[in-house]
Amino acid sequence: MKKKIAVLPGDGIGPEVMNQALKVLDKIQDIYDMEFEYKLALVGGAAWDEYQCHLPESTLNICRASDAILFGSVGGPVAEQNSERWRGVEVNSLLGLRKAFGLYANLRPAKLYPALAFASSLRQDISRKGFDILVVRELTGGIYFGQPKGRRGSGDDEQAFDTMAYSRREVRRIAKVAFEAARKRNKKVHSIDKANVLTTMVFWREVVEEVMKDYPDVEYIPMYVDNAAMQLTRNPGQFDVMLCGNMFGDILSDEAAALTGSLGMLPSASLAEGSFGMYEPGGGSAPDIAGQNIANPIAQILSSAMMLKYSFDMTEAAEKIEAAVEKTLNDGYRTGDICEEGKKSLTTEEMGAKIIENLSA
Ligand code: NAD
């Protein structure tokens with residue numbers, strides 16, 4: 001079995017953390033006696049220097065010829081955002097890829113490792129229990145893209161408006177992603193809606209409940225979005241998969257991620273129909289620490305684990321990586337961003353090496 005991976009390290013810490021993720025994948029090749037073919041491509045500022053474009057055709061072609069995209073991060077120092085090199089870099093790169101590959105499902109895990117409970121903003125009696133949530137967010141529809149949107153009228157009567165709309169096909173396909181994901185996890189889906197107020201969300205619930213019938217092994221719980229926002233802070237341990245439309249998912253995935261207290265450790269996936277997907281860390285290019293070999297590679301490494309799980313159907317290998325990360329943290333190893341004051345931290349390379357050591361164990 002040979003899997004082709006388009007590797008887009010991008011800018012800032014992207015190349016440093018990507019190196020560690022590739023070393024982890026190399027180890028997985030050895031363990032499972034299989035082969036990954038990596039095709040390196042430029043994106044973001046790195047692509048600009050060569051092509052005066054953040055997402056060149058040559059990169060898109062490499063992605064088209066691959067089974068999945070492993071993405072680092074793009075962007076430069078915030079103070080330089082209006083320079084020619086950086087202007088619009090995130091939109092051009094990420095939205096460009098989303099559009100080119102029809103990436104309609106965004107999967108964002110938010111896991112609070114008991115070993116890192118001190119970093120959470122939650123009360124200790126809640127954070128100590130840890131939690132492991134996967135937010136499945138619809139990415140290409142809903143109120144962010146619904147038409148018409150605009151402004152009309154003038155003076156006091158001037159109005160601005162957006163349209164929230166979902167088709168049966170859109171709701172069905174994202175619901176299926178959530179139920180399938182739950183099957184690979186703890187078999188529970190909370191579908192987040194506002195069916196008490198919005199017609200779109202009455203329809204959302206109706207369609208999700210049709211899909212649910214195909215997954216009798218998965219528990220289904222509908223929940224209003226306002227309640228979900230509150231439950232996340234009161235009892236996050238009750239959630240496994242949270243299925244959300246575009247806007248609710250945008251907000252709740254950030255809330256769930258923030259509760260972990262370690263944004264730099266969280267991976268994400270954006271999936272197309274079929275098995276193709278793009279996998280990337282939740283954080284940005286961290287220009288403030290780039291080139292110093294101190295960035296935390298865990299988000300990038302866990303992104304590669306998500307790739308194994310969702311694009312290559314290699315759940316066991318993915319879980320092996322997740323377990324190696326968890327063991328490394330439980331053993332007390334930390335990079336600077338997750339280190340308690342006064343304790344010694346590892347470099348990016350040392351952290352990668354420890355995780356690989358635990359993979360082989
Ligand atoms: P950022 O996520 O890059 O950094 C925020 C803080 O978190 C910084 O202090 C940084 O050092 C730290 N951090 C982030 N990832 C880390 C890691 N792996 N290890 C250790 N520390 C880490 O956000 P920002 O500073 O607001 O943005 C910097 C650049 O990244 C901007 O150009 C922005 O547009 C871009 N950005 C890109 C993406 C993406 O590529 N998907 C996402 C967000 C921001």
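The values are calculated or read from the model by the stated rules, or taken from the named source; none is laboratory data. In this text the structure is predicted, and so the values were computed from the model without any measurement. Here Cβ is always computed from backbone atoms with ideal geometry, including for glycine, and neighbour counts include all displayed protein chains.
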Original post:
Scanning for something charged (D, E, K, R), within 16 Å of the ligand (Cβ to nearest atom), under 20 Å from ARG137 (Cα atoms) and part of a helix (DSSP H, G or I), does segment 274-285 turn up at least one residue?
Top reply: no
Subject >> Pairs, first more than 25 Å from ALA323 (Cβ to Cβ) in segment 283-300, second within 6 Å of the ligand (Cβ to nearest atom) and outside any loop (DSSP other than H, G, I, E, B), C-beta under 6 Å, six or more apart >> reply: GLY284/SER73; SER285/SER73
**OP:** Could you look through segment 1-59, keep only residues that are among the polar types (S, T, N, Q) and within 16 Å of the ligand (Cβ to nearest atom), and pick out the one that is nearest to GLU319 (Cα to Cα)?
**Re:** GLN20
**OP:** Give me a count of the residues in segment 89-123 that are acidic (Asp, Glu) and assigned to a loop (DSSP other than H, G, I, E, B).
**Re:** 0
**OP:** Considering only segment 254-273, state which residues are in a strand (DSSP E or B) and either surrounded by fewer than 22 Cβ atoms within 10 Å (Cβ to Cβ) or of a type in the set (S, T, N, Q) (or both).
**Re:** SER268, SER270
**OP:** Could you please give the count of residues in segment 111-140 that are at pLDDT below 90 and of a type in the set (D, E, K, R)?
**Re:** 2
Original post:
In the list ALA100, ALA65, which residue meets the criterion of being under 22 Å from the mean Cα position of the chain (by Cα) and away from the ligand (no atom under 15 Å from the Cβ)?
Top reply: ALA100
Original post:
Just checking, which of MET247, MET265, MET242 is farther than 23 Å from SER304 by Cβ and either under 14 Å from the mean Cα position of the chain (by Cα) or not assigned by TED's automatic domain parsing to the domain that holds ASP193 (or both)?
Top reply: MET242
